[in-house]
There are 2 protein chains.
Amino acid sequence: MRLRKKPGVREAMATYPKLVPLNGEEYKGKWNSFFGNDNPIHVELGTGKGNFITTLAEQNPDINYFGVELYEEVLIRAVKKAEAKELNNLSFLWINIQDIEKYFAPGEVDKFYLNFSDPWPKKRHARRRLTHSEFLTKYKGLLKPEGAIQLKTDNEGLFQFSLNQFAQELFLLKEITFDLHNSEYVEGNVMTEYEAKFVGQGMKIFRCIAAHPAQLAAKVEEQKSRTSV
Amino acid sequence: MRLRKKPGVREAMATYPKLVPLNGEEYKGKWNSFFGNDNPIHVELGTGKGNFITTLAEQNPDINYFGVELYEEVLIRAVKKAEAKELNNLSFLWINIQDIEKYFAPGEVDKFYLNFSDPWPKKRHARRRLTHSEFLTKYKGLLKPEGAIQLKTDNEGLFQFSLNQFAQELFLLKEITFDLHNSEYVEGNVMTEYEAKFVGQGMKIFRCIAAHPAQLAAKVEEQKSRTSV
């Protein structure tokens, strides 16, 4: 269900047809025609004010980026940021992440980013967490077999939950760090608005890579053939 | 290399032939004859003063326990604790964990416990950490396919390192918690001496289960057959 607090928001969004395609479902499986190239597609799930995704788009012109966001109050700020930078490899999907499969075809996405997602700490809200196995199953279907999810969070509970869910769903876990900004993985790290604030307060950032289960299956096969030789 | 600081320690240990078999290599693959039963074998790697393993042995008479410890100053305290309790399902191996394969045959061990192992925080000492992939390869060889390693530590760096190594070596990670004593997994938890002290100071305890890679391979197979049906 879309929340539309302010009248005229849809009209405002409609003034950016390239940055906020409102007919995204029509491009499912053919985003390459939308962008006019065959570049890889990276999707941030929950873009907020868009600092992360606009910076990445600026730094990597050969990758097409999507910022997925439901809340128009923050989305419009991301859109204006992107417009000011005149980026042509970035778009926003003003949708519920729940519906992500309506917008991308199987294997169409190279990478998902999950940045500082709502931790939904109460147990009865576990299914709303964006790393719940039901979500992971969706992402897995849309990712290329070579693809991966990158997760960053300041929330220990969400990180713990996510590691367990990734492992259970047979993603290949890599580069797990409990303190990104004091780790080797900080090189090239692009900060979100939240992250900059948290790091400024001396808080630790958790991060990991969860590679597509096909990569784990391949490693299992490789191991098997090595042992049987 | 065995450290022998005090003269007569070997002789002292030799006075407990059942509790500290000094000819452990001879029982490799036939510990059932040593214990006179076919009960499962659980091994704590680095037993220290032995509170954990003696308590477990007391609670579970149908499991045979080993405490592995190199340092005789602490080992002798564990031995005396076990002697006082008159346990016949517990023995100690006064050996270097490095040599563990000389004492157990492939598939002879049902469970390994790693409790508050030395974190060896310096990068150049990474290979000494008891969850380094070289150690994991040894444990894997000795574990039954249904077996698992249980890791507890207060050290964030070691926990982070261990999760990465377990994932890389294709163990199936389960029940990861960053705060054991405020988690559902605390039920039935037996504390080590360190743990009691740390918990008393309000410190958090990290814990996870790493099931034998055969269990991960089986899950991958199951997943494959489910998708292809």
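The values are calculated or read from the model by the stated rules, or taken from the named source; none is laboratory data. Everything numeric here is computed off the predicted structure, so don't read it as measured data. Methodologically, a virtual Cβ is constructed for each residue, glycine included, from the backbone with ideal geometry; neighbour enumeration extends over all protein chains shown.
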Original post:
Looking at the range B:76-85, is at least one residue over 19 Å from B:LEU130 (Cα atoms) and outside any helix (DSSP H, G or I)?
Top reply: yes
Original post:
Going through the range A:161-179 one residue at a time, which ones are over 19 Å from the mean Cα position of the chain (by Cα) and either part of a helix (DSSP H, G or I) or more than 14 Å from chain B (Cβ to nearest Cβ) (or both)?
Top reply: A:GLN168
Original post:
Out of (1) surrounded by 18 or more Cβ atoms within 10 Å (Cβ to Cβ); (2) within 9 Å of chain A (Cβ to nearest Cβ); (3) in a helix (DSSP H, G or I), the odd one out for B:GLU221 is which?
Top reply: (1)
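Here are A:THR137, A:THR131: which of them is within 19 Å of the chain's Cα centre (by Cα) and assigned to a loop (DSSP other than H, G, I, E, B)? Spell out how you get there, then give the answer.
Values: A:THR137 fails: assigned to a loop (DSSP other than H, G, I, E, B).
The unique qualifying residue is A:THR131.
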**OP:** Could you check, for the range A:202-216, whether at least one of its residues is touching a residue at least 12 places away in the same chain (Cβ under 8 Å), among the small types (Gly, Ala, Ser) and out of contact with any Ser or Thr (no Cβ under 9 Å at 6 or more places or on another chain)?
**Re:** yes
**OP:** Go through the residues of the range A:187-197 one by one and say whether even a single one is among the basic types (Lys, Arg) and more than 11 Å from chain B (Cβ to nearest Cβ).
**Re:** yes
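Considering every residue within the range B:90-111, establish whether at least one is at pLDDT below 95 and not in a strand (DSSP E or B). Let's see the steps before the verdict.
The initial filter retains those residues of the range B:90-111 that are at pLDDT below 95, namely none.
So far as the range B:90-111 goes, no, none of its residues is at pLDDT below 95 and not in a strand (DSSP E or B).
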**OP:** Could you grab me the full set of residues in the range B:74-103 that are in contact with a helix residue (DSSP H, G or I) (Cβ under 9 Å, 6 or more places away or on another chain), surrounded by fewer than 19 Cβ atoms within 10 Å (Cβ to Cβ) and in contact (Cβ under 8 Å) with a residue 60 or more places away in the chain?
**Re:** B:ASN88, B:ILE95, B:LYS102
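Hey, can you tell me all the residues within the range B:112-126 that are crowded, with 18+ Cβ neighbours inside 10 Å and not in a loop (DSSP other than H, G, I, E, B)? Full working, then the answer.
Just the residues of the range B:112-126 that are crowded, with 18+ Cβ neighbours inside 10 Å, to begin with: B:112-117, B:119-120.
Within the range B:112-126, B:PHE112, B:TYR113, B:LEU114, B:ASN115 meet the criteria.
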**OP:** Please find, within the range A:198-214, the residue that is farthest from A:GLY48 (Cα to Cα) out of those that are within 11 Å of chain B (Cβ to nearest Cβ) and in a helix (DSSP H, G or I).
**Re:** A:ALA214
Original post:
A:LEU45 versus (1) in contact (Cβ under 8 Å) with a residue 60 or more places away in the chain; (2) farther than 16 Å from A:LEU114 by Cα; (3) not aromatic (Phe, Trp, Tyr): which is the lone unmet condition?
Top reply: (2)
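Run down A:PRO106, A:PRO17, A:PRO61 and say which single residue is of a type outside the set (Asp, Glu), farther than 24 Å from A:GLY147 by Cα and free of Cβ contacts under 8 Å to residues at least 60 places away in the same chain. Please lay out each step first, then the result.
Working: A:PRO106 fails: farther than 24 Å from A:GLY147 by Cα; A:PRO61 fails: farther than 24 Å from A:GLY147 by Cα.
Result of the check over A:PRO106, A:PRO17, A:PRO61: A:PRO17.
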**OP:** Identify the single condition in (1) touching a residue at least 60 places away in the same chain (Cβ under 8 Å); (2) part of a helix (DSSP H, G or I); (3) surrounded by 14 or more Cβ atoms within 10 Å (Cβ to Cβ) that A:THR54 does not satisfy, given that it satisfies every other one.
**Re:** (1)
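Inside the range B:143-160, can you point out the residues that are farther than 20 Å from A:LYS224 by Cα, more than 9 Å from chain A (Cβ to nearest Cβ) and of a type outside the set (D, E, K, R)?
Pass one, the range B:143-160, residues farther than 20 Å from A:LYS224 by Cα: B:149-160.
Add one more test, that the residue is more than 9 Å from chain A (Cβ to nearest Cβ), and what stays is B:149-155, B:158.
Result: B:ILE149, B:GLN150, B:LEU151, B:THR153, B:ASN155, B:LEU158.
Return a yes/no flag: does the range B:21-32 have any residue that is closer than 27 Å to B:THR153 by Cα and in contact with a strand residue (DSSP E or B) (Cβ under 6 Å, 6 or more places away or on another chain).
At the first step, the residues of the range B:21-32 found to be closer than 27 Å to B:THR153 by Cα are none.
No; the residues of the range B:21-32 include none that is closer than 27 Å to B:THR153 by Cα and in contact with a strand residue (DSSP E or B) (Cβ under 6 Å, 6 or more places away or on another chain).
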Subject >> Single unsatisfied condition, A:ILE63 versus (1) modelled with pLDDT under 95; (2) surrounded by 14 or more Cβ atoms within 10 Å (Cβ to Cβ) >> reply: (1)
Original post:
Residue check: is B:GLU195 crowded, with 18+ Cβ neighbours inside 10 Å and assigned to a helix (DSSP H, G or I)?
Top reply: yes
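Which members of the range B:180-190 meet the condition of being part of a loop (DSSP other than H, G, I, E, B) and touching a strand residue (DSSP E or B) at 6+ places or on another chain (Cβ under 9 Å)?
Keep residues of the range B:180-190 that are part of a loop (DSSP other than H, G, I, E, B), which gives B:183, B:187-190.
Passing the criteria: B:SER183, B:ASN189.
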**OP:** State which residue is surrounded by the fewest Cβ atoms within 10 Å (Cβ to Cβ) when the search covers only the range A:143-192 and only residues that are of a type in the set (A, V, I, L, M) and in contact (Cβ under 8 Å) with a residue 60 or more places away in the chain.
**Re:** A:VAL190
